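Participant: First the structure, then my questions, so here it is.
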Amino acid sequence: MGAYESIFKRRSFHRFPDHEPLTDADMQAVREAIAAATPLDPTIQTKIGMCPEAETSCHCGAEYCLLFYSEDKPGYLQNIGYIGEQIDLMLVEQGIGTLWYGFGKIDEKRRDNLSFVIMIAIAKAPQDAFRQNMFAAKRKSVRDGWQGDTLGVAGIVRFAPSACNTQPWLTVCEGDTLTVYRSKKAGKYGLLPARLLTYFNRIDIGIYLYMLEVCLRHEGFAFVRELPDKAGDGATELAAVYRDLKRQQEGTIARIARYEGLMQKAEAMLASGDPDAGELQDITAALSAYYSSRYWKEDFAEDEAGRLPPDLSRGVLSEDGLYDLLQACKALPRRSKSGLNAPQGKTSS
Ligand SMILES: Cc1cc2nc3c(=O)[nH]c(=O)nc-3n(C[C@H](O)[C@H](O)[C@H](O)COP(=O)(O)O)c2cc1C
């Protein structure tokens, strides 16, 4: 299981069921998740601590709370959301339930000159306490949060968690660019003071961006992410732009098709019994380089994972096919510049 699968399984544990304490292995997984999380903006200093739930104002029946501290710089809330959601999904993978707890308070408001931002409550949870059917969770429709081509991700990323389930995101897909906005409209949560709503919703957007990237990668997209210098005005705030969206798979498929074509050509030449030696040698050199490259291994792994179109001809990825062909070509008599050399010990007429 990975981050993508955890999206389907995660839910907010507003109350944690009776639970076993975290094991040493769980604690190690928590430490590793914290260490592995990468920031959206590496120039912003952050620290993540942990304390027993009893040392916070949280009363959800959790065992611990993760405490997020940050420098107060532009984009710091989005950055914390992005980091925290990575940890959230990694913990879910480990069977640890989580709750982003916006209203949680802690005495230690400053740590190493950084300010307390938010906490995530955590505790071990049985498998059946996690979400069994994500699509039954309450969310706005794809149409309300996404414009343009859905890229196979819009229907999943909308299940990102958000404070009071406000879901303050709007994503616009135009050509090879995705633009993500934070909606400034309070919606039905107008009762929350505007400043608090903005605070939480910026964290929500960081969470959403991380999930969006997980979904894009899962669908095979490569992209370049840009964070705006200026937030923008009006009813929406620009949060991030994803440019040069390219399905890496297209590259994979085109590559497999090219080498498959070369392999079939080489096989046909061998079968003809009278191959053009120069051309065959060029083809086998290309095939041999592919076979020993990381690309062949990656393409093989894509095939094993069932991610290639079923109708794609791919003998070139079979375990022995390419190897046997290269061996057969090697067994041919060596060639001179003008063609095949005569077999040793025989005279050509
Ligand atoms: C930034 C943030 C703050 C949150 N704060 C609280 C909170 O203080 N108390 C609470 O019970 N849930 C809190 N939640 C959980 C949301 O209510 C929950 O994510 C939302 O209702 C969607 O439900 P789900 O997470 O189960 O999918 C928070 C979530 C986020 C992302």
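Participant: Could you check F16 against (1) under 13 Å from G95 (Cα atoms); (2) surrounded by fewer than 20 Cβ atoms within 10 Å (Cβ to Cβ); (3) touching a Lys or Arg at 6+ places or on another chain (Cβ under 9 Å); (4) of a type outside the set (D, E, K, R) and say which number it fails?
Facilitator: Tallying (1) under 13 Å from G95 (Cα atoms); (2) surrounded by fewer than 20 Cβ atoms within 10 Å (Cβ to Cβ); (3) touching a Lys or Arg at 6+ places or on another chain (Cβ under 9 Å); (4) of a type outside the set (D, E, K, R), F16 fails exactly one: (2).
Participant: A follow-up question, please. Taking the condition at pLDDT 95 or above, on the phi < 0 side of the Ramachandran plot, part of a loop (DSSP other than H, G, I, E, B) and not assigned by TED's automatic domain parsing to the domain that holds F159, does L67 pass? Spell out how you get there, then give the answer.
Facilitator: Details: at pLDDT 95 or above: yes; on the phi < 0 side of the Ramachandran plot: yes; part of a loop (DSSP other than H, G, I, E, B): no; not assigned by TED's automatic domain parsing to the domain that holds F159: yes.
No: the conditions fail for L67.
Participant: Within region 75-102, restricting attention to residues that are part of a loop (DSSP other than H, G, I, E, B) and in contact with a strand residue (DSSP E or B) (Cβ under 8 Å, 6 or more places away or on another chain), which residue is nearest to the ligand (Cβ to nearest atom)? If you could, list the steps in order and put the result at the bottom.
Facilitator: Applying the first criterion (part of a loop (DSSP other than H, G, I, E, B)) to region 75-102 yields 75, 94-95, 102.
Those still in the list that are in contact with a strand residue (DSSP E or B) (Cβ under 8 Å, 6 or more places away or on another chain) too: 95, 102.
On the way: G95: 17, G102: 3 Å.
Filtering region 75-102 for residues that are part of a loop (DSSP other than H, G, I, E, B) and in contact with a strand residue (DSSP E or B) (Cβ under 8 Å, 6 or more places away or on another chain), the one nearest to the ligand (Cβ to nearest atom) comes out as G102.
Participant: Only one residue in G104, G95 is buried (at least 20 other Cβ atoms within 10 Å of the Cβ) and closer than 20 Å to A123 by Cβ. Which one? Write out each step before concluding.
Facilitator: Working: G95 fails: buried (at least 20 other Cβ atoms within 10 Å of the Cβ).
Among G104, G95, only G104 is buried (at least 20 other Cβ atoms within 10 Å of the Cβ) and closer than 20 Å to A123 by Cβ.
Participant: Take the residues in region 325-349 that are within 48 Å of the chain's Cα centre (by Cα) and exposed (fewer than 12 other Cβ atoms within 10 Å of the Cβ); name whichever of them is modelled with the highest pLDDT.
Facilitator: The first filter runs over region 325-349 and keeps only residues within 48 Å of the chain's Cα centre (by Cα), leaving 325-332.
Checking which are exposed (fewer than 12 other Cβ atoms within 10 Å of the Cβ) leaves us with 327, 330-331.
Values: Q327: 90, K330: 82, A331: 81.
Out of the qualifying residues, it is Q327.
Participant: Being within 12 Å of the ligand (Cβ to nearest atom) and touching a residue at least 12 places away in the same chain (Cβ under 8 Å) is the filter; apply it to region 136-157 and report the residue that is farthest from C51 (Cα to Cα).
Facilitator: Filtering region 136-157 down to residues within 12 Å of the ligand (Cβ to nearest atom) leaves 136-140.
So of that shortlist, the ones also touching a residue at least 12 places away in the same chain (Cβ under 8 Å) come out as 137-140.
Working: A137: 30, K138: 31, R139: 32, K140: 35 Å.
Ranking the candidates gives K140 first.
Participant: Sticking with this one: Would region 185-204 turn up any residue that is among the hydroxyl-bearing types (S, T, Y), under 29 Å from G234 (Cα atoms), touching a Ser or Thr at 6+ places or on another chain (Cβ under 8 Å) and at pLDDT below 95? Break it down stepwise before answering.
Facilitator: Here is the first cut: in region 185-204, the ones among the hydroxyl-bearing types (S, T, Y) are 189, 198-199.
Those left that are additionally under 29 Å from G234 (Cα atoms): 189, 198-199.
Next, only the ones that are touching a Ser or Thr at 6+ places or on another chain (Cβ under 8 Å) stay: 189.
Now narrow it down to the ones that are at pLDDT below 95: 189.
Looking through region 185-204, at least one residue is among the hydroxyl-bearing types (S, T, Y), under 29 Å from G234 (Cα atoms), touching a Ser or Thr at 6+ places or on another chain (Cβ under 8 Å) and at pLDDT below 95.
Participant: Can you name every one of the helices (runs of 4 or more DSSP H) wholly within region 227-322 that holds 3 or more residues which are within 24 Å of E213 (Cβ to Cβ)? First the steps, then the outcome.
Facilitator: On the way: elements: 248-272, 277-291, 294-304.
Filter on region 227-322 gives 248-272, 294-304.
Participant: Also, I was wondering about something else. Sort out which residues of region 110-135 are within 16 Å of the ligand (Cβ to nearest atom), in contact (Cβ under 8 Å) with a residue 60 or more places away in the chain and in a strand (DSSP E or B), and write them in order of number.
Facilitator: Once the filter is applied, which keeps residues that are within 16 Å of the ligand (Cβ to nearest atom), in contact (Cβ under 8 Å) with a residue 60 or more places away in the chain and in a strand (DSSP E or B), region 110-135 yields V117, I118, M119, A121, I122, A123.
Participant: Looking at this structure, is D107 away from the ligand (no atom under 13 Å from the Cβ), out of contact with any Ser or Thr (no Cβ under 7 Å at 6 or more places or on another chain), more than 16 Å from I203 (Cα to Cα) and without any contact (Cβ under 8 Å) to a residue 12 or more places away in the chain?
Facilitator: Working: away from the ligand (no atom under 13 Å from the Cβ): yes; out of contact with any Ser or Thr (no Cβ under 7 Å at 6 or more places or on another chain): yes; more than 16 Å from I203 (Cα to Cα): yes; without any contact (Cβ under 8 Å) to a residue 12 or more places away in the chain: no.
It is false that D107 is away from the ligand (no atom under 13 Å from the Cβ), out of contact with any Ser or Thr (no Cβ under 7 Å at 6 or more places or on another chain), more than 16 Å from I203 (Cα to Cα) and without any contact (Cβ under 8 Å) to a residue 12 or more places away in the chain.
Each row is one residue, and each column tells you yes or no for (1) assigned to a helix (DSSP H, G or I); (2) surrounded by 17 or more Cβ atoms within 10 Å (Cβ to Cβ); (3) among the hydrophobic types (A, V, I, L, M, F, W, C); (4) within 14 Å of the ligand (Cβ to nearest atom).
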site: Q167; (1), (2), (3), (4): no, yes, no, yes
site: V172; (1), (2), (3), (4): no, no, yes, no
site: R182; (1), (2), (3), (4): no, yes, no, yes
site: K185; (1), (2), (3), (4): no, no, no, no
site: R202; (1), (2), (3), (4): yes, yes, no, yes
site: V214; (1), (2), (3), (4): yes, yes, yes, no
site: R217; (1), (2), (3), (4): yes, no, no, no
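Participant: Of everything in region 50-74, what is within 14 Å of the ligand (Cβ to nearest atom) and surrounded by fewer than 20 Cβ atoms within 10 Å (Cβ to Cβ)? Give them in sequence order.
Facilitator: Result: S57, H59, C60, G61.
The values are calculated or read from the model by the stated rules, or taken from the named source; none is laboratory data. The structure presented is a predicted model; accordingly, all values stated were derived computationally and were not measured. Quick reminder, even Gly has a Cβ in these numbers, built from the backbone with ideal geometry, and neighbours come from all protein chains shown.
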